[in-house]
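Report on the following structure.
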Amino acid sequence: MSHYFINNPNQKSNIKTFDFNYDGKIYRFSTDVGVFSKDKIDFGTKTLIDAISLKNEKLDLLDLGCGYGVIGIIIKDKYPNVNLTQTDVNLRALELTKINAETNYIESKVFHSVGFEKITELFDVITLNPPIRAGKETVFKLYKGAYEHLKKDGEFYIVIAKKQGAPSHQRYLKELFGNIVVVCKNKGYFVFKMKKV
């Protein structure tokens, strides 16, 4: 079965645009066939955005597995001092991210990377809505990469549903980082925050 943690440019394109009201502001997003949650902003993504709390100072943020760019675009809009980087394995998603950043007047460095393959710099914050259907081995590799690409005291935020295996992910992340905070629980979804100490 195909899933969004792949790059399949052969899928027929059918770009659609919708508006998303977040915190009283309207954002416009273009989506397409072959990207995650193409018809609306999924509940997990919104839950993650709600839970992220940053200092309003200069921060380097990586929106890992950015899809069509929702998390990074909204966070950058909320925190203008963020220096935003967005990456994904899916080339179609990246083209949409570029369109959506421009549409919403957001400056972002957008490029293709399979996990952390082409990511060389370190970040203050990394966000991820994990590609669960890609398998635990792939997802845990992303977690390890996030740890390795955080600056000291950098923070890693993820969202995951209990039914997607949240407890086993929580155990792995606590072992990897040595700490974990459940920032919020909402309708079976957990947002975890880890800090690189």
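The values are calculated or read from the model by the stated rules, or taken from the named source; none is laboratory data. Treat the numbers as computed from the prediction; the structure is a model and nothing was measured. All Cβ positions, even for glycine, are placed from backbone atoms using ideal geometry, and neighbour counts span all protein chains on display.
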* Name the residues in the stretch 119-131 that are touching a strand residue (DSSP E or B) at 6+ places or on another chain (Cβ under 9 Å), surrounded by fewer than 19 Cβ atoms within 10 Å (Cβ to Cβ) and not hydrophobic (A, V, I, L, M, F, W, C), would you? -> E121
* To do: Scan the strands (runs of 3 or more DSSP E) fully inside the stretch 3-73 and keep the ones with 1 or more residues being at pLDDT 95 or above, within 17 Å of N104 (Cα to Cα) and not acidic (D, E).
  => 16-22, 25-31
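Here's the yes/no breakdown for (1) acidic (D, E); (2) under 15 Å from the mean Cα position of the chain (by Cα):
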residue	(1), (2)
T97	no, yes
E102	yes, no
Y105	no, no
F116	no, yes
* To do: Inspect the stretch 146-153 for any residue being assigned to a loop (DSSP other than H, G, I, E, B), more than 17 Å from K46 (Cβ to Cβ) and at pLDDT 95 or above and give the result as yes or no.
  => yes
* Asked: Can you tell me how many residues in the stretch 100-118 are of a type in the set (V, I, T), surrounded by fewer than 19 Cβ atoms within 10 Å (Cβ to Cβ) and in contact with a strand residue (DSSP E or B) (Cβ under 8 Å, 6 or more places away or on another chain)?
  -> 1
* Structure fact -> Listed by first then second residue, the pairs whose first member lies in the stretch 85-111 and is without any contact (Cβ under 8 Å) to a residue 40 or more places away in the chain and in a helix (DSSP H, G or I), whose partner is of a type in the set (S, T, Y) and surrounded by 21 or more Cβ atoms within 10 Å (Cβ to Cβ), with beta carbons under 6 Å and at least 6 positions apart or on separate chains, are T97/Y68; A101/S108
* Name, by its number, the condition in (1) without any contact (Cβ under 8 Å) to a residue 60 or more places away in the chain; (2) more than 19 Å from I15 (Cβ to Cβ); (3) in contact with a Leu (Cβ under 8 Å, 6 or more places away or on another chain) that does not hold for T120. => (3)
* Could you check how many residues of the stretch 166-185 are within 18 Å of the chain's Cα centre (by Cα), outside any strand (DSSP E or B) and over 18 Å from V197 (Cβ atoms)? => 2
